[in-house]
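Only the coordinates and a few stated rules stand behind these numbers; no lab work does. All of these numbers come straight from a predicted model, not from anything done at the bench. Glycine also receives a Cβ, built like all others from the backbone with ideal geometry; neighbour counts cover every protein chain displayed.
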Amino acid sequence: MTSAAATRQPRCAGVTALVTGGAAGIGAAVVRLIHHEGARVYVADLNVEQGQRLADELGERATFVHLDVTDEVSWAAALGRVRRTGSQLTTLVNSAGAALRRPLLDTSPADFRRIVDLNLTGTFLGMSLVAAELADGGSIVNISSLNGVLPTAGLGAYVASKAGVSALTRVAALELAERGITVNAVCPGSIDTAITDSGDFADVDWDAYVRTIPLRRRGRAAEVAHAVLYLASDESRYVTGTNLIIDGGVAAGRPAT
């Protein structure tokens, strides 16, 4: 093996990351990629079986941590476990989330609160509680959504929560800049994960939808993970407060007919 391949340094060497929603979907893709690139990873999720299985599969430098992102007590317990391992977090990836496809007039207050609590309040708790312990010069990456910057009818609760995530990301970037902590959001468009496998999306004509995407396909979780890798690595030390859109060109405008 020659020089470049043999001497390439892992892009996340020295990174110690906690990834919420890390047991499945985009979160799991992030866990796998940054672990492959040398990071010490805490797989944080409510799903004990799936999260532990992923940590066991990855082996050294991977640990499962039970976490309900909507609960302050659960956050305290998770961070306590991280401290007991002797690690200091350098990186937080807020990936836990859910979607609800329903017209506003058919959305109950309870359903609206549930989505906002998971997507927005969970991200707020992560940033506010973890930032106090995060190493100076570290990074926070929030998984927002294309719908946080380009709303879609029928996704009111989701749109509101993700717009909040993108806005809160910018506030945190301003407030944490003096410590050298970068805070950015990744905004995926339609990504082929289990989040759209629920009954809410059963009547979606995906073939017709794909024809509205300039690149003519839905995205993959691994493609979102590569964006997170960039924002969690030293390659992006001068990038903060941004929304990185990964959507196959949808936000660029309407394609020619």
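The table that follows gives values for the structure above.
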| quantity | calculated |
| --- | --- |
| Principal semi-axes in Å for the range 144-183 [√(5λ), Cα gyration tensor, largest first] | 26, 7, 5 |
| Enclosed volume per residue, in Å³, of the convex hull spanned by Cα atoms of the range 144-210 | 96 |
| Mean separation of Cα contacts under 8 Å (6+ apart) over length of the range 207-257, as relative contact order % | 49 |
| Diffusion coefficient, µm² s⁻¹, Stokes-Einstein with Kirkwood Rh over alpha-carbon pairs of the range 39-128 at 10 °C and 1.306 mPa s | 110 |
| Distance between the range 7-56 and the range 82-133 - C-alpha centres, whole angstrom | 17 |
| Mean Cβ neighbour count within 10 Å, used as a protection proxy, ranking 151-160, 100-109, 179-188 highest first | 179-188, 151-160, 100-109 |
| Isotropic mean projected area of the C-alpha convex hull, the range 214-253 (nm²) | 3.3 |
| Mean residue ellipticity (222 nm) of the chain, computed from DSSP H runs ≥ 4 via -39,500 (n - 2.57), nearest 500 | -11000 deg cm²/dmol |
| Sequence ranges 239-247, 129-137, 25-33, ranked by mean other-Cβ count within 10 angstrom, highest first | 25-33, 239-247, 129-137 |
| Answer label, with Cα extents along the principal axes in Å calculated from the coordinates and candidates (i) 60, 37, 29; (ii) 50, 49, 38; (iii) 55, 42, 35 | (ii) |
| Projected area averaged over orientations for the range 117-257, convex hull of C-alpha atoms, nm² | 9.1 |
| Protection proxy ranking of 112-118, 43-49 - average other beta-carbon atoms within 10 Å, highest first | 43-49, 112-118 |
